[in-house]
Amino acid sequence: MWERTLQDLIRGLRANKNDESKFIAQAMDEIRREIKNKDMELKAGAVMKLAYLDMLGYDMNWASFHIVEVMSSSKIHLKSVGYLGAVQSFNEDTDVLMLTTNLLKKDLSSTPADAAVTLNGVSSIMTADLARDLSPDLLRMLNHSRPHIRKRAVAAMYRVFEKYPDALRNGIGRLQEKLEDSDPGVVCATVNVLCELARQNPQDYLPLAPQLFHLLTTSSNNWMLIKIVKLFGSLSPHEPRLVKKLQPPITDLISTTSAISLLYECVHTCIIGNMLQGTSGYSLARMCVSKLAAFLEDPDQNLKYIALLAMVKIVPTHPHLVAEHQNTILSSVDDDDITIRMRALDLLSALVNRDNLQSIVQQVLSHLVKPESSAVPSAVQSLSQHIVPSAPAKSPSAPSQSTAYRLVLSQRIMTMCSQNTYENVADFEWYLSVLVDLAYVSNVDIGAKIRDQLVDVVGRVRAARSYSVKLMVKVLSDDTFLLHAGEPGSCSEVLWAAAWICGEYCSELSAPDELIPYLLQPEIASLSSDITAVCIQSATKLFAYWTSEAAKQWTDGFLEDLKKAVDLMIEQMEQFASSSHIEVQERAANVLQLLTFIKHDVAMYKPKQENGFSDPSVAAFDPVSEPSCPKSLYLMYPLFTSYELNPVASIAQASVPVPDGLDLDVWIVPSMQERAVEERDDGDVAERKTKRGKKGKEKESTSRMKVKGGKKKQKEESYQEELVPQEEETAEEKAERERVGIHHKLYITSYQTNVTQLKAERLERMRDDPYYIMDDRSQKPPAEDIDSIPVVRLDGPLPLPKGTHLSTHMSGTDVFAEEPRLPGLRSSASVRSTPPSFVVEREGEMPVGAVITPPPSTPAPSSRRPTPNPFDLSATPPPPLPSFQLYEVPDDELRASTPEPIKVTRAKKKGTGMTKKKRVVKPEAETKAEDNGAAVH
Amino acid sequence: MLNIEPFHCRSWRPFYAILGTTQQFIMIHAVLIFNTSGIPRLTKFYTPLHQSSQTLIQKIFSLISIRPAGLCNFLDAPELEAFLSPKDDSDERWRVVYRNYATLYFVFVVDGAESELGILDLIQVFVEALDRHFENVCELDLVFHFDEAHHILAEIIQGGLVLETNGDEISNSVKLASKARRSSFVSANPLSLGSGGGGGPRSGSIQTPLGWLTDKLTGVATR
């Protein structure tokens, strides 16, 4: 019969192990035939087989209608098959469920056997509609004569409440009655349902407290007590008086019960119910912890697990109590069982403070090291392996080799140390070495995070810079690290940090020139392109620093060394200049040009007759007078050191107001509108976003600001219409838009006529754009205009002219006449000679938060000053410095210069320019657009 | 391949909570049984899954099967977080509690807010109920009577809530329901002599001559 055929299927499956898919396809065909058969037995057999195949992963959703047919059978043995099929395959989206309401109603009022099967089925397939339609029937069944049915009805009510909360209004009172049912099973089921409900909405269930309290004090049923205690855990935060009332019985339970699951629940309830406060709470907490500590040493792993779980919850309020058992907890981290380890780790991270951080981290770190040491087994180990051959296969190192576990471990170490901006780290040199250790032993892809941490720590903690540079030199000069950098889990990103730190804080190096070959060795090119780019940039920084140092103590004997170094550097840089990565290529090419210039300069250099024996320090301090060394030695260093990099507060960018006259929504170049639109949508452009967000409503009006070229503006307008779909498009607007479209065409035709005018306007606008390279030769802006450029004050003694002066002086060739412009573009100040007093400020010990905001408008005569961003003194960790800020000269300059415009705006803020141009009211804008259109006509 | 060894459930010592006349309340998301090769023998999901159930079973199996005996019965592997954490709140995190009996793994996926130790006891209750019904239950019993196993489970858990934990209670209800099914089957198939309808243990696997005759008479095409 049908049961047989299921068994045939199973036997067939077992016999056809090799060709299972074919066999199943065949069986499915049969099932499809049988399920349409009129014979209910056969149909049920097919459903049964389907349910079995469903377990093995084959779809049975197509059969839902036939399942309903089987459900409607009057015979219980078939009906139960139908419900089984339904429970296994139906979900909320099953459309035939709508057909079942009456069937279910009928079955619920049928024989107890039918009703039991139906209640079970209904609990699984409940939908909001079913819950609404069936709730009266189910409520009626709460008073069924058989406890078995009452129990099932209570459990089913939970699903009704879940899907159809309106039923709670009538249902909750009925459910409350069930707390006094004669059958203990029904009472338990009721407490169960109430507990689940109260977890979601505790305050609504406070009236039940007296009844539950009665149960708590009278029942000896551990299973129910667990649930009641849990229920009180969610109730007591909403009713402070409960705490006092609950303390005695719960204390009693904790001290007397032998069931740890109940104990755990009591502890949990004490914690979330705020019962551990005050003196009585303290003794309660002490009792909990001592109980838990006993379980922690129990040989049963399950008890250990639960104890760790409960301790984590006590730590926030009573850390010192848990800390008494720190050693036991630490040993749990060594447990063979990964589950126990994870819980112990949780607990440890909660326990961390300034005093124990180092020992805890060291302990955790040793787990990462372990497999490394076991890879080369000692003699004793290999001997013992022979004795116990099964042991090594399941050795405790197995979990620590799992990648996911190692990843968690590594992340945990870093979060433990970095939480609250390194609050618990007393010794940053130690932390830096931990990070480097991590890079070596973690063997998982955590490099990016280590990199960010390294850069962050070094940026924030001045005192650690010297040590970090030493450490990073070691990493960079480690051939094996570089050799394995291509492998997964090698943390090659650490090289990024190493290169950047060495480059940025190169003044800590005694012999920067020795490090350059490491940064430019051929293997570097095989790393990911961003690391290579940073290496190139850092090598350049090192070289720049070295040359400027050399210039300070110039002796002519140095000349040969210099020539060699330049040649070597050029040779190495040439490899990178042919890289296929655009970033690497561009950087290398840039540096190469600078180097070529220096090379020529050095080649032209002849020791000076008139000044050759002068005091070198004089020359260095007085760069305007002819220095004794090749002048190009001063070329590169100022490119990197004009401004110091400081950690930026996370709110810094947001608090920079948009400078007056700068409209972020105006197209920079008309023809680039498409791209600008994309950029607008790009959420990553945080800068724009925040600024726009700040401006709020102003945005729209400013975006409609009238630009001089009216046609351009119209084109922009048409974009506006498309970009702001939430604006209702009235017929009028639509017409307007169409008109604009026409104007757009007109604009194109009339373009030629306007082109020169437009160009002039554009150049005018571009003048303030730091990204836009001005053609100074043709433009020749008047001198007072330069002052108004809110980018960099030309404060140095040797601005741009110095560059030209240099080149003309040194060589007559045109090539070099071009060259100095490169660095001199905007930061012409940077061409001025390096200030010889490069002092690393070391006084800052902890996270650098405090930075003096310098008087903004006065161009500081001192060479460098911190970025005058408003710094957040609080502990909010700033985001890791974006990579581009770290090495790209123009960006650096831009960032440093942004504050300038702020100050300017403050003076001008009220009134000028802006309001006149702004289109505040839309109709007005439209009329203007029309006017302009007419003008074109 | 299948090991027909009875479960070692009698050696179990219930001490986490007191097994007895009582009841435990848990929000259970899934009950899974698979064998030591990872082949599912019973799967029941009380909460709709986002992933394919097969993927979840395979993942849990791969994590459990490498765990040697003697470790704790809770699975807390970082690999599972992606599967089981619908919320970030640690209390809401789903947990996997499992027990190994002979060739089978019994796995419960439960709410983080539930008592793990209670679930361990509940698994024991379930296995004992199976054992009582099948008399020294083995993996083959579950294979050929997977519907019976479902019916037994339905007496313990309904819609993700625990219904009953008392072994005697469960056994009675299972017997009652099974009797009802059998008599219904017999009345529908007078010639089958009670060999079907989810009747007694193992009865289905014994093919009686009369059972074969019934097939012929009712025109069921046997393969």
### Gain on full stretching of the segment that runs from residue A:568 to residue A:93 - 0.36 nm per residue minus C-alpha separation
163.9 nm
### Query
Beyond 23 Å, what percent of the Cα pairs of the stretch B:28-172 remain?
31
### Translational diffusion coefficient (Stokes-Einstein; Kirkwood radius from C-alpha pairs) of the stretch A:1-86 at 10 °C, 1.306 mPa s, in µm²/s
125
### Task
Using label points projected 7 Å from each Cα along Cα→Cβ, tell me how many nm separate residue A:203 and residue A:662, to one decimal.
4.7
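What's the average, rounded to a whole number, of partner chain beta-carbon atoms within 10 Å of each residue's beta-carbon in B:115-126?
Working: counts 12, 6, 12, 9, 1, 2, 4, 1, 0, 0, 0, 0.
The mean count of partner-chain Cβ atoms within 10 Å per residue comes to 4.
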#### Entry: Taking A:513, A:59 and counting other C-beta atoms within 10 Å, the order from fewest to most
A:59, A:513
## Note on the structure
Rounded to whole angstrom, the alpha-carbon centroid of the stretch A:281-322 lies from that of the stretch A:234-270 at a distance of 15
### Selection from A:141, A:96, A:168 lying farthest towards where the dipole of the stretch A:93-200 points positive, charges on Cβ
A:141
### Query
Each label point is 7 Å from the Cα along the Cα-to-Cβ direction; what then is the distance between the points at residue A:211 and residue A:287, in nm?
2.9
#### Entry: At R0 = 35 Å, FRET efficiency that the Cβ-Cβ distance of residue A:326 and residue A:280 yields, to 0.05
0.85
### Task
Using the Karplus curve 6.51 cos²θ - 1.76 cosθ + 1.60 with θ = phi - 60°, work out ³J(HN,Hα) for each residue of the stretch A:600-606 in order, rounded to whole Hz, and write x for Gly and Pro.
5, 4, 5, 5, 7, 5, 10
### Task
Sticking with the crude label model, points 7 Å out along Cα→Cβ, report the distance from residue A:423 to residue A:30 in nm, one decimal please.
6.8
## Note on the structure
Phi-derived 3J(HN,Hα) across the stretch A:470-478 with the Karplus relation (6.51, -1.76, 1.60, θ = phi - 60°), rounded Hz, x for Gly and Pro, is 4, 5, 6, 4, 4, 4, 5, 8, 8
## Note on the structure
If the chain between residue A:15 and residue A:38 were fully extended at 0.36 nm per residue, the gain over the current Cα-Cα distance would be 5.3 nm
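Can you sort B:72, A:188 from fewest to most other Cβ atoms within 10 Å of each residue's own Cβ?
Details: B:72 23, A:188 29.
Ranking B:72, A:188 by Cβ neighbours within 10 Å, fewest first, gives B:72, A:188.
Subtracting the Cα-Cα distance from 0.36 nm times the residue separation, let me have the gained length for residue A:166 to residue A:294 in nm, one decimal.
Working: separation 128, 0.36 × 128 = 46.08 nm, distance 4.74 nm.
Separation in residues times 0.36 nm, less the Cα-Cα distance, equals 41.3 nm.
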### Relative packing of peptides A:437-448, A:593-604 - highest average C-beta neighbours within 10 Å first
A:437-448, A:593-604
### Query
Using mean Cβ contacts within 10 Å as the protection proxy, how do A:541-553, A:223-235 order, highest first?
A:223-235, A:541-553
### Query
Taking the highest mean first, how do the peptides B:143-153, A:132-142 order by number of other beta carbon atoms within 10 angstrom per residue?
B:143-153, A:132-142
### Message
At R0 = 51 Å, how high is the FRET efficiency between residue A:556 and residue A:356 if r is their beta carbon distance? Nearest 0.05 is fine.
### Response
0.30
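Once R0 is set to 60 Å, what does the formula 1/(1 + (r/R0)^6) return for the Cβ-Cβ distance between residue A:575 and residue B:54, expressed as a FRET efficiency to the nearest 0.05?
Details: r = 51 Å, r/R0 = 0.86.
Given R0 = 60 Å and the Cβ-Cβ separation, E is 0.70.
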### Query
With a ≥ b ≥ c the root eigenvalues of the C-alpha gyration tensor of the stretch A:418-554, is it rounded (a/c under 1.5), prolate (a/b larger than b/c) or oblate?
oblate
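What ranking do A:406, A:33 get, fewest neighbouring Cβ atoms within 10 angstrom at the top? Mind showing how you got there, number by number?
On the way: A:406 22, A:33 12.
The most exposed by this proxy come first: A:33, A:406.
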## Note on the structure
Scalar couplings 3J(HN,Hα) for the stretch A:424-431 by Karplus 6.51 cos²θ - 1.76 cosθ + 1.60 (θ = phi - 60°), nearest whole Hz, x for Gly and Pro, are 8, 8, 8, 10, 6, 5, 4, 5
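Every number here is computed from the coordinates shown, using simple stated rules; none is lab data. Everything quoted here is computed from the prediction, not taken from an experiment. Backbone-built Cβ (ideal geometry, glycine too); neighbour counts: all protein chains shown.
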